[in-house]
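Read the figures in this text as sums done on the coordinates, not as results from a lab. Note that the coordinates shown come from a computational prediction; the quantities given were computed from them, not determined experimentally. FYI the Cβ positions are ideal-geometry reconstructions off the backbone, even for glycines, and counts take in every protein chain you see.
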Number of protein chains: 2
Amino acid sequence: MEFDLIELIRKRGTAARDDVLLGIGDDAALLRPPPEHVLAVAVDTLVEGVHFPVGTAAFDIGWKALAVNLSDLAAMGATPAWALLSLTLPHADRRFVEGLIDGFATLAGQHRLALVGGDTTRGPLNVSVTAHGFVLPGQALQRVGAKAGDAIFVTGTLGDAAAGLCCLDRERADADQLMGASGGSRGKLIDALNRPQPRVAAGNFLRGVASACIDVSDGLLADLGHLCTASGVGAEIDADALPLSSALLTLFDAEARDFALAGGDDYELCFTVPADRAGEVSSNLSRMGCGAARIGRIVSGEGLRVHDTEGRPVRCPKTSWEHFRT
Amino acid sequence: MEFDLIELIRKRGTAARDDVLLGIGDDAALLRPPPEHVLAVAVDTLVEGVHFPVGTAAFDIGWKALAVNLSDLAAMGATPAWALLSLTLPHADRRFVEGLIDGFATLAGQHRLALVGGDTTRGPLNVSVTAHGFVLPGQALQRVGAKAGDAIFVTGTLGDAAAGLCCLDRERADADQLMGASGGSRGKLIDALNRPQPRVAAGNFLRGVASACIDVSDGLLADLGHLCTASGVGAEIDADALPLSSALLTLFDAEARDFALAGGDDYELCFTVPADRAGEVSSNLSRMGCGAARIGRIVSGEGLRVHDTEGRPVRCPKTSWEHFRT
């Protein structure tokens, strides 16, 4: 049966690429990296009930499993090329696999990415993707490199995915109210949770422009914190400058800022640029359609401080998303 | 806590390699493939209770998770270089992770392989490794290529891992007898199950020599079947020529042949060579220490036939190892 699943996955197919010499079906894939390029490789795993709610559609699981990896490549400024998929399933459920591969392949097609290999095993649902991309030597974005005075940006909007998760939470006191929300806000927030758009084009644009970059997967405070630690700097964030969607403000006005600071699962890029290039970066990313908000600045020292536009300190939500809470 | 685990993994370290430009700790690893080479990439996942018994030592889980992937690279004739490790754990158990990384790193060190990235998440125990190796274009071994008349070989011995699993099975009628077995046979069989030795050197030697190759993970009949299907040929196996260890014969005389034909988890290489090179291949692999037994020949047509040395048909065990039995 494993063999049938692999056949099913192979037949659904993804982008055809000249640099795939041998794809799914042997003991390993054979791939030809482009000359002179550096390979960027990331692996991220989704577990049911941890990274997506139980009952999430198979299509969305497949989409998200690839999206979170493309987001890692985007944060390095790399151009996606190949991926491998390791699928652990409780049952050999053909329809589920078809849906999952559909979601995976739909996003893969948008980025000309080829699924070149994988593994299917039996066990509690677990979806692990390894993604490969290319970048020229010296052009990759990293967490290290931010300097005091740099402007801090974030693409898109923050907090939508965390709000989307709340929309699915039947335990909330306002669950019925959220369920009946009009104007498509609820759907938009759940979409942000289930089908994040990896910022590949923005990451490519930021090569040679950003001084440091990270993707926001664990929440802005946590991930900007990682960037600052790697760069040996601190940061000041203007909470009033956080980019919030109208859907978020419509349904979660009181919690919106906390979601944006610590919500997690945003898969936006947080990056720094020298202050004198801030205007140019902002207008270019806006033209590219994803937009980027300037949310603060890098300072010497360490730690993150959050204030409002008048400079008053803002109380921060205590925790951000971590898979192992202690 | 996830961050601590990643730190722990990074500190334990593996081989230092010049071609790793950026290892664990950013959104993706940055790697420099060697010029003119093809990249061989495989992913394999181990699930508790499916690929290793509940209660297996952390060291052995880490070892095996890498070994099964190196076995895939060996089957392609590739030289291992880099790996990524995705670890899903029920609890952030520091001692368990240390043991697992120890096992992984011990085997990695034997093959100058660098652990360059990974992921830790919370959930039912699941260990997924993606391994990368290099091979010159046109030199990779594949499942396709076997021709009628070719000799079929297998490295090492078969059936030991399946017998090792039986040694751990308290439900067997002869469990007490196996537990008390003297002479180290029991330990050798359990070692074969828990710490398979990937045949990397043999795979490298077979480049330009073998007409087709596969690693035996699901059992000889299943995997040789895949090789034959890919090559469009059939095979005849001499059951009396199957290489059986003295440990296997000591403890499982009656079942030894079935274990060797269908047991699974052997991680030996099964390969084909033109008949006129069989002697040379045999003596070379014997000098390399792993040995290789000539177990049959490729025939035109399709299907596998198993006979004894007198040509009498041998009854085959019905099923071989598949993760999803139907």
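What are the principal axis extents of the Cα atoms in the range B:45-192, in Å, biggest first?
For the range B:45-192, the Cα spread along each principal axis is 51, 44, 24 Å.
To the nearest 20 debye, what charge dipole does the protein assembly as shown have about its Cα centre, counting +1 at the Cβ of each Lys and Arg and -1 at the Cβ of each Asp and Glu?
Roughly 800 debye, rounded to the nearest 20.
If you build a Gaussian network model of chain B, linking Cα atoms that sit under 10 Å apart, which residue out of B:Leu73, B:Leu285, B:Leu227 swings the most?
Most flexible of the set in this elastic network: B:Leu285.
Please list the radius of gyration and Dmax for the protein assembly as shown, considering alpha-carbon atoms only, with Å as the unit.
26.4, 93
Roughly how big is the range B:170-326's charge dipole about its Cα centre, with Cβ charges of +1 (Lys, Arg) and -1 (Asp, Glu), in debye to the nearest 20?
Numbers: 17 positive and 22 negative charges, 55 e Å.
Charge dipole, the range B:170-326, about its Cα centre: 260 debye, nearest 20.
Any idea which of B:Ala254, B:Pro274, A:Leu87 is furthest toward the positive side of the dipole for the protein assembly as shown, if Lys and Arg beta-carbons carry +1 and Asp and Glu beta-carbons -1?
B:Pro274
What pairs from A:Lys11/A:Lys64; A:Lys147/B:Lys11; A:Lys11/B:Lys188; A:Lys64/B:Lys147 go past 32 Å between their alpha carbons?
From the list (A:Lys11/A:Lys64; A:Lys147/B:Lys11; A:Lys11/B:Lys188; A:Lys64/B:Lys147), the Cα-Cα distance tops 32 Å for A:Lys11/B:Lys188; A:Lys64/B:Lys147.
Could you state the per residue volume, in Å³, of the convex hull enclosing the Cα atoms of the range B:151-307?
That works out to 106 Å³ per residue.
Count charges around A:Asp19 for me, please; just the other residues with Cβ under 12 Å from its Cβ, Lys/Arg as +1, Asp/Glu as -1.
Result for the local shell: +2.
Cα centroids of the range A:232-295 and the range B:215-282: how far apart, whole angstrom?
Each part reduced to its Cα centre gives a spacing of 59 Å.
Pairing the Cα long axis of helix B:58-75 with the longest principal axis of chain B, what angle in degrees results, from 0 to 90 and rounded to the nearest 10?
Between the helix axis and the principal axis of chain B, the angle is about 60 degrees.
Report the percentage of all Cα-Cα pairs in the range B:174-261 whose separation exceeds 16 Å, rounded to a whole percent.
That tail contains 66 percent of the Cα-Cα pairs.
To test your reading of the geometry: what angle, between 0 and 90 degrees and rounded to tens, separates the Cα axis of helix B:185-194 from the longest principal axis of chain B?
Here the helix axis deviates by roughly 60 degrees.
Report the Cα centroid-to-centroid distance between the range B:1-58 and the range B:124-195 in angstrom, as an integer.
22 Å
Between B:Ser283 and B:Val144, how many nm apart are label points set 7 Å from Cα along the C-beta direction?
Label-label distance for B:Ser283 and B:Val144, simple model: 3.5 nm.
Taking the Cα centre of chain B as the origin, how large is its charge dipole in debye, to the nearest 20, when only Lys and Arg (+1) and Asp and Glu (-1) carry charge on their Cβ atoms?
Details: 29 positive and 41 negative charges, 90 e Å.
Dipole size: approximately 440 debye.
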